[in-house]
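Below: the structure, in structure tokens.
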Amino acid sequence: MAAHRAEEPIYVTRPSLPPLEAYAERLETAWSARWLTNRGALHEELEAKLAKRLDAPYLSLFCNGTIALLTALKAADIHDGEIITTPFTFPATVHALHWNGVRPVFADIDPATSNLDPAAVERLITPATRAILAVHVYGQPCDVDAFDSIAKRHGLVVMYDAAHTFGVALRGKPAAAYGDYSVLSFHATKLYTTGEGGALISQSAAQHERIGFLRNFGIANEEEVIGAGINGKMSEFHAALGLLQLETVDQEIASRRAISKRYRELLSGIPGITLHAIGEDVYHNGAYFPIRIDAGLYGLDRNQLYDALKPFNIHTRKYFYPLCSHYPGYCELPSAAPACLPVAERVAEEILCLPIFGSLEMDRVESICTLLRALPKAIA
Ligand code: T4K
């Protein structure tokens, strides 16, 4: 086989970073004011700019997406009962429920998008159900209209884990702005990053005010604590990076979209490789490039392909395997039984996320695709 091992590891993602001098310059405000956290000037500037960019009625910055998720539940005053969610997600989504004393109820996913299936959700609603927590997996928006209508009919809160959606638009509106509460992650592995960071989008001034208190230990003022808050604040160091990233994120998204397009051209028609659907009304961000491997048709199973790419220094990831419904603490739940989640079980066995990030050269993309075509024959 003609393909060679890449000299440097090709990871599933890499953050795009500004010049270090630009970062130091951006920190000047914090240095001269000697103000490092607790709603500093950079924090306030970033919060306002992101709210505008994401068309968010209200947006609160957080130290990471997980704490933003925990806080969303507290803001909605949900600390018992059940929330229907997906097993096909990063652990943070489901752990946020557990940490708030809420029992996760797993519903199956849609095979085309890997997002929570609204019909499966509706079948699981009981008097104990408090909310739906859906994930816009890989940035592909959920069926927001269906969740909205289910929630209205049953009096439920709709929350979105929008960790992957920076820059995604559905029918022209930022995907992160849908739902009663919506949470973004700005982790180093996200296309828009503050190193660690996140945001919680809410829909009313009252929710926003409560979130502000909860993010700061529940402190309302020097003499009043309104409840059991947490330390969810973003520091000036993270906000400074976020401000710089805002200047380049559109270029990052454009590069990822071009890479995504090239992958689609080169991988279409390979028997046993299925690409994820992107809706026609969606402007996608290229956050991830997931493929599914049907071992019978492709000739290798997902794990064999993952292993076979490693000697070439290509480091793919199995996002999201194993399913959250397999973790200790959740696997005993009735809704976690594999027979209840046939689509999620299958997708988790077949999924593989290929490298995608703005600085990934096109010839690397092409050699990854050449390998994907050649490996089944080479190994057989
Ligand atoms: N909900 C969803 C749906 C999520 O996907 C996530 C996070 C959350 C909630 C929680 O949001 P946060 O609390 O994290 O804000 C990574 C991230 O740690 C995690 O944030 C992310 N999802 C998840 C999808 O991916 P790992 O365990 O794969 O990370 P790691 O360290 O193995 O990194 C993957 C690759 O990225 C590395 O092989 C190389 C590259 N990388 C990573 C880091 C940290 C870099 O190039 N530079 C870096 O600094 O979980």
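Need pairs with beta-carbon distance below 7 Å; first residue among the charged types (D, E, K, R) and within region 6-17, second within 10 Å of the ligand (Cβ to nearest atom); sequence gap 6+ or separate chains.
From region 6-17, the pairs are ARG14/PHE357.
Report yes if THR129 is over 27 Å from LYS52 (Cα atoms), free of Cβ contacts under 8 Å to residues at least 60 places away in the same chain and not aromatic (Phe, Trp, Tyr), otherwise no. Can you show your working first?
Values: over 27 Å from LYS52 (Cα atoms): yes; free of Cβ contacts under 8 Å to residues at least 60 places away in the same chain: yes; not aromatic (Phe, Trp, Tyr): yes.
Taking the combined requirement at face value, the residue satisfies it.
Looking at region 357-372, which of its residues are over 27 Å from the mean Cα position of the chain (by Cα) and either within 18 Å of PRO290 (Cβ to Cβ) or open to solvent by less than 20 Å² (accessible area, probe 1.4 Å) (or both)?
LEU371 - this is the single residue of region 357-372 that is over 27 Å from the mean Cα position of the chain (by Cα) and either within 18 Å of PRO290 (Cβ to Cβ) or open to solvent by less than 20 Å² (accessible area, probe 1.4 Å) (or both).
Filter region 22-39 for residues that are surrounded by fewer than 19 Cβ atoms within 10 Å (Cβ to Cβ), in contact with a helix residue (DSSP H, G or I) (Cβ under 8 Å, 6 or more places away or on another chain) and not in a loop (DSSP other than H, G, I, E, B) and give the result.
Step one: list which residues in region 22-39 are surrounded by fewer than 19 Cβ atoms within 10 Å (Cβ to Cβ), which gives 22-25, 27-29, 31-39.
From what's left, in contact with a helix residue (DSSP H, G or I) (Cβ under 8 Å, 6 or more places away or on another chain): 22-23, 27, 29, 33, 35-37.
Those that are surrounded by fewer than 19 Cβ atoms within 10 Å (Cβ to Cβ), in contact with a helix residue (DSSP H, G or I) (Cβ under 8 Å, 6 or more places away or on another chain) and not in a loop (DSSP other than H, G, I, E, B): ALA22, TYR23, THR29, ALA33.
Give LEU59, LEU42 a once-over and let me know the one that is outside any loop (DSSP other than H, G, I, E, B), open to solvent by less than 60 Å² (accessible area, probe 1.4 Å) and either within 14 Å of the ligand (Cβ to nearest atom) or under 20 Å from ALA205 (Cβ atoms) (or both). Write out each step before concluding.
Numbers: LEU42 fails: either within 14 Å of the ligand (Cβ to nearest atom) or under 20 Å from ALA205 (Cβ atoms) (or both).
Result of the check over LEU59, LEU42: LEU59.
In this structure, does SER260 turn out to be closer than 28 Å to GLY81 by Cβ, in contact (Cβ under 8 Å) with a residue 24 or more places away in the chain, in contact with a strand residue (DSSP E or B) (Cβ under 8 Å, 6 or more places away or on another chain) and of a type in the set (Ser, Thr, Tyr)?
Numbers: closer than 28 Å to GLY81 by Cβ: no; in contact (Cβ under 8 Å) with a residue 24 or more places away in the chain: yes; in contact with a strand residue (DSSP E or B) (Cβ under 8 Å, 6 or more places away or on another chain): yes; of a type in the set (Ser, Thr, Tyr): yes.
Taking the combined requirement at face value, the residue does not satisfy it.
Could you tell me whether LEU50 is within 16 Å of the ligand (Cβ to nearest atom), among the aliphatic types (A, V, I, L, M) and surrounded by fewer than 19 Cβ atoms within 10 Å (Cβ to Cβ)? It would help to see each step written out before you state the result.
Details: within 16 Å of the ligand (Cβ to nearest atom): yes; among the aliphatic types (A, V, I, L, M): yes; surrounded by fewer than 19 Cβ atoms within 10 Å (Cβ to Cβ): no.
So LEU50 does not fit the description; no.
Consider region 197-225. How many of its residues are farther than 20 Å from VAL157 by Cβ and either within 16 Å of the ligand (Cβ to nearest atom) or open to solvent by less than 70 Å² (accessible area, probe 1.4 Å) (or both)?
Applying the first criterion (farther than 20 Å from VAL157 by Cβ) to region 197-225 yields 197, 216-225.
Going one step further and asking which of them are either within 16 Å of the ligand (Cβ to nearest atom) or open to solvent by less than 70 Å² (accessible area, probe 1.4 Å) (or both), we end up with 197, 216, 218-220.
So the answer is 5.
Might you check whether a residue that is among the basic types (Lys, Arg), surrounded by fewer than 17 Cβ atoms within 10 Å (Cβ to Cβ) and either within 16 Å of the ligand (Cβ to nearest atom) or over 22 Å from the mean Cα position of the chain (by Cα) (or both) occurs anywhere in region 302-313? Reasoning before the result, please.
Step one: list which residues in region 302-313 are among the basic types (Lys, Arg), which gives 302, 310.
From what is left, the residues that are surrounded by fewer than 17 Cβ atoms within 10 Å (Cβ to Cβ) are 310.
Then keep just the ones that are either within 16 Å of the ligand (Cβ to nearest atom) or over 22 Å from the mean Cα position of the chain (by Cα) (or both); that gives 310.
Scanning region 302-313 turns up at least one residue that is among the basic types (Lys, Arg), surrounded by fewer than 17 Cβ atoms within 10 Å (Cβ to Cβ) and either within 16 Å of the ligand (Cβ to nearest atom) or over 22 Å from the mean Cα position of the chain (by Cα) (or both).
For region 1-21, which positions are of a type outside the set (D, E, K, R), in a loop (DSSP other than H, G, I, E, B) and under 25 Å from the mean Cα position of the chain (by Cα)? Show your work before the answer.
Narrowing region 1-21 to residues of a type outside the set (D, E, K, R): 1-4, 6, 9-13, 15-20.
Pick out the ones that are also in a loop (DSSP other than H, G, I, E, B) and you get 1-4, 6, 9, 11-13, 15-19.
PRO9, TYR11, VAL12, THR13, PRO15, SER16, LEU17, PRO18, listed by residue number.
Only residues that are assigned to a loop (DSSP other than H, G, I, E, B) and out of contact with any helix residue (DSSP H, G or I) (no Cβ under 6 Å at 6 or more places or on another chain): list them for region 76-88, please. Working first, answer last.
Residues of region 76-88 assigned to a loop (DSSP other than H, G, I, E, B): 76-81, 86-88.
The answer is ALA76, ASP77, ILE78, HIS79, ASP80, GLY81, THR86.
The values are calculated or read from the model by the stated rules, or taken from the named source; none is laboratory data. In this text, all values refer to a predicted model and were calculated from it rather than measured experimentally. Cβ atoms come from the backbone with ideal geometry, glycine included; neighbour counts cover every protein chain shown. When the accessible area is computed, the model is the full protein with side chains, heavy atoms only, and any ligands, DNA or RNA have been set aside. Shrake-Rupley method; radii C 1.70, N 1.55, O 1.52, S 1.80 Å.
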